[in-house]
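Asker: Sharing a structure, written as structure tokens. Questions coming.
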Amino acid sequence: MSAISVAVSHQRFHRSLIQGLALTYISFIVILPLGVIFLEAAKSSWTELWQVITAPPAVAAYKLSFSAALLAALINSVFGVILAWILVRYEFPGKRLADGLVDLPFAMPAVVAGIALLSVYGSGGVIGQYLDPGTFLGDSLRLLGIEQVNLTSSVIGVVFAKVFVTLPFVVRTVQPVLMEIEPEIEEAAYILGADSWQTFWRVIFPQILPAIITGFSLAFARAIGEYGVVLIISGNIPYETMITSVYIYRRLEQYDYSGATAVAIVLLMISMVILICTNLLQLWSRRYEA
């Protein structure tokens with residue numbers, strides 16, 4: 001056997017070894033746990049599973065989870081682009097600190113984040129106390145017919161928690177793309193007579209659109225699965241502020257493993273469909289850009 005054949009054989013062996021390790025890792029981390037979920041749900045009959053996944057509290061939890069996740073992802077898609085633009089285009093004192101704080105939701109434990117938000121926006125909190133009954137804002141809102149504004153233990157609290165945990169996704173996906181766009185391109189647009197809005201909409205926006213869609217899809221997926229922060233500040237009231245993740249945990253607390261896995265499968269399937277749709281949307285945006 002020649003030296004070239006031996007080298008090729010070794011290269012193929014190493015390639016197969018790396019592929020095997022990668023597939024084994026994915027199998028133990030992703031495929032095996034997901035497969036066990038389906039096996040656990042299969043212990044119940046289809047009729048029993050259907051009753052669990054279509055129970056009114058579960059349906060209300062689905063609606064709140066996905067609507068709040070969608071709203072949080074849309075909010076961060078708008079303000080994430082604005083924040084990324086400011087961090088890339090402007091110099092100001094504390095810029096590095098502000099840039100680092102964007103990643104804080106990634107590193108902060110969910111319990112700490114929930115307590116922090118509750119201390120600020122909860123009733124009696126740093127900001128929430130000014131909305132309590134008996135305060136100027138609280139009484140003014142009451143005159144307008146709004147009896148009580150509760151930034152936590154409400155749908156607002158659920159959305160706010162999801163906005164907090166998904167803040168970095170759009171910023172960190174759009175920021176590198178903005179850094180690659182040369183300022184000379186914007187200057188050329190201004191010289192040709194375009195105003196600021198036309199320059200952004202016709203020159204900048206098409207280039208950052210795929211990054212925005214990527215950030216939106218990541219934020220949406222993360223918001224759907226959020227549990228810890230929402231658990232602390234939402235109040236977890238059935239039919240009002242209980243999201244699907246908390247509903248699944250409540251089923252586990254009642255030792256209803258089949259019911260919990262059935263609802264988890266619904267959440268998983270809907271999330272996969274949404275991710276497929278967002279990936280198709282990203283593919284379309286890249287073709288549109290080309």
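The values are calculated or read from the model by the stated rules, or taken from the named source; none is laboratory data. Every value quoted in this text rests on a predicted model; they were computed, and no experiment measured them. Heads up, the Cβs are rebuilt from the backbone with ideal geometry, glycines too, and the neighbour counts pull from every protein chain shown. Just so you know, the surface numbers come from the protein's heavy atoms only, side chains and all, with ligands and any DNA or RNA stripped out. Shrake-Rupley method; radii C 1.70, N 1.55, O 1.52, S 1.80 Å.
Asker: Are there any pairs, at least 6 apart or on different chains, whose C-beta atoms fall under 9 Å, with the first in region 243-260 and open to solvent by 70 Å² or more (accessible area, probe 1.4 Å) and the second β-branched (Val, Ile, Thr), and if so, which?
Answerer: none
Asker: Further, regarding this structure: Among the helices (runs of 4 or more DSSP H) confined wholly to region 41-131, which include 3 or more residues that are surrounded by 13 or more Cβ atoms within 10 Å (Cβ to Cβ) and in contact with a Ser or Thr (Cβ under 7 Å, 6 or more places away or on another chain)?
Answerer: Per the criteria, 56-89.
Asker: Something else about it: Show the residue pairs that are 6+ apart or on different chains and have beta-carbon atoms under 7 Å apart, the first residue being within region 69-88 and under 21 Å from GLY100 (Cα atoms), the second being at pLDDT below 95 and open to solvent by 60 Å² or more (accessible area, probe 1.4 Å).
Answerer: Pairs found: VAL88/MET179.
Asker: Restricting attention to region 164-203, which residues are free of Cβ contacts under 8 Å to residues at least 24 places away in the same chain, buried (at least 18 other Cβ atoms within 10 Å of the Cβ) and of a type in the set (A, V, I, L, M, F, W, C)?
Answerer: ALA189
Asker: Contact list please: Cβ distance under 7 Å, first residue in region 93-112 and farther than 12 Å from VAL171 by Cβ, second residue open to solvent by less than 80 Å² (accessible area, probe 1.4 Å) and of a type outside the set (Ser, Thr, Tyr), pairs at least six apart or on different chains.
Answerer: LYS95/LEU87; ALA110/GLY228; ALA110/VAL229; VAL111/GLY228; VAL111/ILE232
Asker: May I pose another question? Might you let me know whether region 137-153 holds any residue that is closer than 20 Å to VAL246 by Cα, modelled with pLDDT of 80 or more, surrounded by 17 or more Cβ atoms within 10 Å (Cβ to Cβ) and not hydrophobic (A, V, I, L, M, F, W, C)?
Answerer: The answer is no; no qualifying residue exists.
Asker: Which one of the conditions (1) assigned to a helix (DSSP H, G or I); (2) surrounded by 15 or more Cβ atoms within 10 Å (Cβ to Cβ) does ASN236 fail to meet, given that it meets all the rest?
Answerer: If we test ASN236 against (1) assigned to a helix (DSSP H, G or I); (2) surrounded by 15 or more Cβ atoms within 10 Å (Cβ to Cβ), just (1) comes out false.
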